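Structure, as structure tokens:
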Amino acid sequence: MEPLKNIESLAYIIPEIVLVVFAVAVIIFDLFVKDNESDWVAYLSLIGIGCSLIAIFITNSLVDINKPISLFLGMIRLDGFAIFFKILLLLATAATILFSLRSEELDVRLKGEYHTLLLAVTFGMFLMASSTNLLMIFISLETVSLTSYILAGFLTHSPRSSEAAFKYITYGAVASGTMLFGLSLLFGMAGTGDITQISSQIATVLESGDVSALGVLIAITFILAGIGYKIASVPFHMWSPDVYEGAPIPITAFLSVASKAAGFALFLRFFYTGFDTPEIIQSIDWRLLLAIVSALTMTVGNLAALPQRNVKRLLAYSSIAHGGYLLMGAALLTPEGLGAIIFYLIVYLFMNLGAFYVVVLIANESGSEMIEGYRGLSSRAPYVAGAMAIFLFSLTGIPPFAGFFGKWLLFNAVISEDLYWLAFIGLLNSVVSLYYYARIIKAMYLESAEDTDIFSFSKSTFALLGVFVVPTILIGFLNIFYSLSKKITLP
Amino acid sequence: MDQILLSLMIFVPLLGMVVVFLLPNDREELIKRVALAFTLIPLVLAVYLFIDYNKSSAETQYFVSVPWIDTFHINYHVGIDGLSVTLLLLTALLGPICVLASWRNIEKGLKAYMALFLLLETGMLGFFASLDLFLFFVFFELTLLPMYFLIGVWGGPRREYAAIKFFLYTLFGSVLMLVAIIAVYLRSNIINDVAEGLRTFDIPELIQRATVEGHALGDSKFQMWVFLGFFIGFAVKVPIFPFHTWLPDAHVEAPTAISVILAGVLLKMGTYGFVRINMAMFPEGLDYFTNGDGFLGHSLALLGFINIVYGSFCALAQTDFKKLVAYSSIGHMGFVILGLAARNAEGINGAVLQMFNHGVISAMLFLLVGVLYDRAHHREINGFGGLGNRMPIYTGITTLAFMASLGLPGLSGFIGEALSLFGAFQEFPLLTILSTIGIVVGAAYFLWTLQRVFLGALNPKYEELPEINRREILTLVPLGILTIVLGIWPNIAIDMFSKSVTNLVNIVSI
């Protein structure tokens, strides 16, 4: 398939263009809006997301999912995989904006900038999900990172938030520097930046003996530092608890879902397209390396979550652990693994965002992010407590909630490659995770609060909560999501 | 039409949960009546199925199979054979009894309590009826959540600890089971290392495929490993030593009705699963642990023996009435394990009968403990004395339950245990003889308890203790009648499942 030239490509990136246009429109619009009407800025960005979503469906009808189109001379690619991730990312961004509307942490005067940045970061993530060139991979990653740094530090009055942004930058700078070095090594060895051609090039140079397997391994390890940092995999996860704790809650939710999903999109495309040919796997077994990273990630995430008393920080560690579960699928380099990740990400989107939404609501009402603030929630806010219990049980992976079906698909994929040890580690981790999720449930249901005022929430709050609860219950029972996850493939 | 009855029975309590949920919080009487109605419907259906079930056939009856998750060949497949119809009846019978037993003593959140209880009932009924491995697992786990809350919210002083311990133990067991399920699924279409046809989760289909020459499921090493995976999952539930330590905690903290369900049904889920999956699907795996050669070949019988003797001696040492009954449960479930380990018709028939009987008798015992606790607000055996004069009816029913439980001939407990021992004696004579120690100790602790609680001088504190009331008697009478009837005429039950058991014996005698 011949890559399209620059001008011809424009028709296929309308969703991206829409996002950029709205990002600019939002900041201009903000100049004319009074502080007490600043919600309109959020509505405008929601409209932007809606338009982008419509544009995706329109361009989608132009494309045959089985026949990907290569755009901008091979820089990015439009295929079913990219479209799936774009929709997922838009949903996550929309949820983040809705959370921000309800969050009382954010400074109204900065709303314009805030939403511009959110749309910009989504644009960067779109590129992450579709890049097929080493250079483009780096640029998209940096676009996302730079905007995320500012978003993490958005609570100008909070020292914790500034600390979070600073840590994020420092860590991010090192990680992306390392990654860039790895990319240049790889480019030097393969002589091309196009990841669709890298595998054959590498196989050739490996065979001719010009390059040793060790060299390739070093280059890939350096690149993994950059990607691993985005998906918070061990040992590049250290930034995430502090950043998640310090950042505004909607941004924490956004980072833990959207940023992770985009990271996985990049990761999957890079490894599945670039490095899954048998010749390469024969000389360097990525799968073992990735499986070990996955096992470490989930174990470290879960063990570190055990003693946490701050729910936000607890969920930060839990999302590291979930990154580990997802990595199990990625480590396999099989279509089953890919399908399981796709399914799990859909489920994770709803259950994790839902849990963070409850954190936003409780932080607004009780002013606390600590587990103590959840005491007696079952009588103070029965529906919110019920929803939170569903999200947490789903995160643990207990049927009949969607999280169970997601985990089951992942373990199914792992065991079909005979990686029993990895499946055992993953399942034991699920048991461990029950312990800390159940601490929140225990506080909500089995303990009573000193203060027994009833929390009151608006109807729209419950409606939004329902948007997360219903899929968390239903996704596992609907065949359509399973067939969707099977349909999306990478060449 | 008939096909739908089974599914109706499973999901009526779920519908009841929704209905209860929609009722206003303060209409407590109404909530209780609605919950009772929604547990009575499955009972009526279960009795109908029990009567209508064709005993002369070992075939699965009333089966329904509709595609659920096509992509992974998962079906909603339910059906009953003699074994499951018996346990369904037990579950459906205990449902309304437990609602009645919770009539007065649930002080807070009655609505949530009843809703969770109905959800639990759906989980249990679905578990005993499912014939698809995936569905089976989902129902198995579905009982976890309501149980966690029922113990954790409405339990005694150490309820939080007991609830999380129960949850963690069971979850640990079930994740191992999940690995085994996936392993079985992935090999379900491999014959002589070549994939043929589609994979399946269907239990009868898997059992059939395992017997095909050269099928990956038939490989004896593979069977041994998946056998272990399932076994640990079920062993936690039964509970089999050394996975039993959650049980006394859970029982002591749980409210009366929940203890009844725990002992009456949840423990049976472990042994039922063992029969349905471990024995029927992995006879070669079973062979490793029950063929009588060496330590490994004795291991299952040994575990049964340990359960019996260890459970009984622990019960002997208890001074908490409820804990005593809990440990006696561990002991009595040992007979089930021992009978199953024998792999012959007597042993398995005895074991299945013992499952049903233990469900009835332990339910009675826990109800009786609850009656006493509701009046005296403690369960210390040594704190009573001479209640026989004060509460003659209560004493009479308790004596019946104790006698049934300690295995007095003429009452139901005897038949199951005796058959299990007959069966086991043919295979493991020494262990069987040693196991009878458990019966002697069982007689000792029950009679001793009887003496300490009901005989002697009446503790002056309890001179005003009211007699057992009509509602409480109503919960006990059906169970009492069953222990007497099944003691005299055990064939009503045995006839139901003997054909299915014969089938099973053919599978396991390889």
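Brief remarks on what is shown
- Long-range HN-HN contacts of residue B:384 with modeled amide H, under 5 Å: none
- Once C-alpha pairs closer than 8 Å and six or more residues apart are averaged by separation and normalised to the residue number of chain B, the relative contact order reads 15 percent.
- Exposure proxy order (Cβ contacts within 10 Å, fewest to most) of B:373, A:12, B:445: B:373, A:12, B:445
- For segment A:131-202 versus segment B:373-399, the gap between their alpha-carbon centres in whole angstrom: 74 Å
- The modelled label-to-label distance between residue B:195 and residue B:293, using points 7 Å beyond Cα along the C-beta direction, is 3.6 nm.
- Within straight-line reach of residue B:237, meaning a Cα separation under 28 Å, sit the following lysines at least 8 residues removed in sequence or on another chain: A:407, A:442, B:111, B:165, B:221, B:268, B:322, B:323, B:499.
- Residue B:208/residue A:109 FRET efficiency (R0 51 Å; Cβ-Cβ; nearest 0.05): 0.10
- Separation between Cα centres of segment B:1-22 and segment A:43-59, rounded to whole Å: 43 Å
- Within-11-Å neighbourhood charge of residue B:58 [Cβ basis; K, R +1; D, E -1]: 0
- Projected label distance in nm at residue B:464 and residue B:52, using a 7 Å step from Cα toward the beta-carbon: 5.3 nm
- For residue A:111, a cut-off of 27 angstrom between C-alpha atoms picks up these lysines, skipping any fewer than 8 places away in its own chain: A:34, A:86, A:167, A:230, A:260, A:312, A:459.
- Each of B:6, B:447, A:146 was scored by other Cβ atoms within 10 Å of its Cβ. Listed from fewest to most, they are B:447, A:146, B:6.
- Kirkwood Rh (inverse of mean 1/r, distinct Cα pairs), segment A:121-202, angstrom: 14.0 Å
- Estimated FRET transfer efficiency (residue A:181, residue A:6; beta-carbon r; R0 25 Å; 0.05): 0.30
- A Förster distance of 22 Å, applied to the separation of the beta-carbon atoms of residue B:317 and residue B:105, puts the FRET efficiency at 0.20.
- Semi-axis lengths, Å, segment B:41-170, gyration tensor of Cα atoms, sqrt of 5 times eigenvalues: 30, 20, 12
- Karplus 3J(HN,Hα) series, Hz, for segment A:88-95 with 6.51 cos²θ - 1.76 cosθ + 1.60 (x for Gly, Pro): 4, 5, 5, 4, 5, 5, 4, 4
- For segment A:34-169, convex hull of alpha carbons as volume per residue, Å³: 104 Å³
- Degrees between helix A:159-190 axis and first principal axis of chain A (Cα, 0 to 90, nearest 10): 10 degrees
- Counting all C-alpha pairs of segment B:291-510, share separated by more than 23 Å (%): 48 percent
- Residue-count net charge about residue A:176 - beta-carbon cut-off 10 Å; Lys, Arg +1, Asp, Glu -1: 0
- Extension gain, residue B:430 to residue B:485: 0.36 nm times the residue separation minus the Cα-Cα distance gives 16.6 nm.
- Burial ordering of A:167, A:5, A:486, fewest other beta-carbon atoms within 10 Å first: A:5, A:486, A:167
- Relative to one another, the C-alpha centroids of segment B:468-510 and segment B:242-275 are positioned 19 Å apart.
- Each stretch of four or more DSSP H residues adds -39500 (n - 2.57); spread over every residue of chain B, this sum gives -24000 deg cm²/dmol at 222 nm.
- According to the calculation over all Cα-Cα pairs in chain A, the P(r) per 20 Å bin from zero is 24, 59, 16, 1 %.
- For the pair residue B:221 and residue A:62, label points projected 7 Å from Cα toward Cβ lie 5.7 nm apart.
- On the principal axes of its alpha-carbon atoms, chain B has extents of 77, 57, 42 Å, going from largest to smallest.
- Normalised by 2.2 N^0.38 Å, where N counts its residues, the alpha-carbon radius of gyration of the protein assembly as shown equals 1.02.
No lab work stands behind these numbers, since they all come straight from the coordinates. Quick caveat, the model's predicted, so the values are computed rather than measured. Every residue, glycine among them, receives a Cβ derived from its backbone with ideal geometry; neighbour counts consider all protein chains shown.
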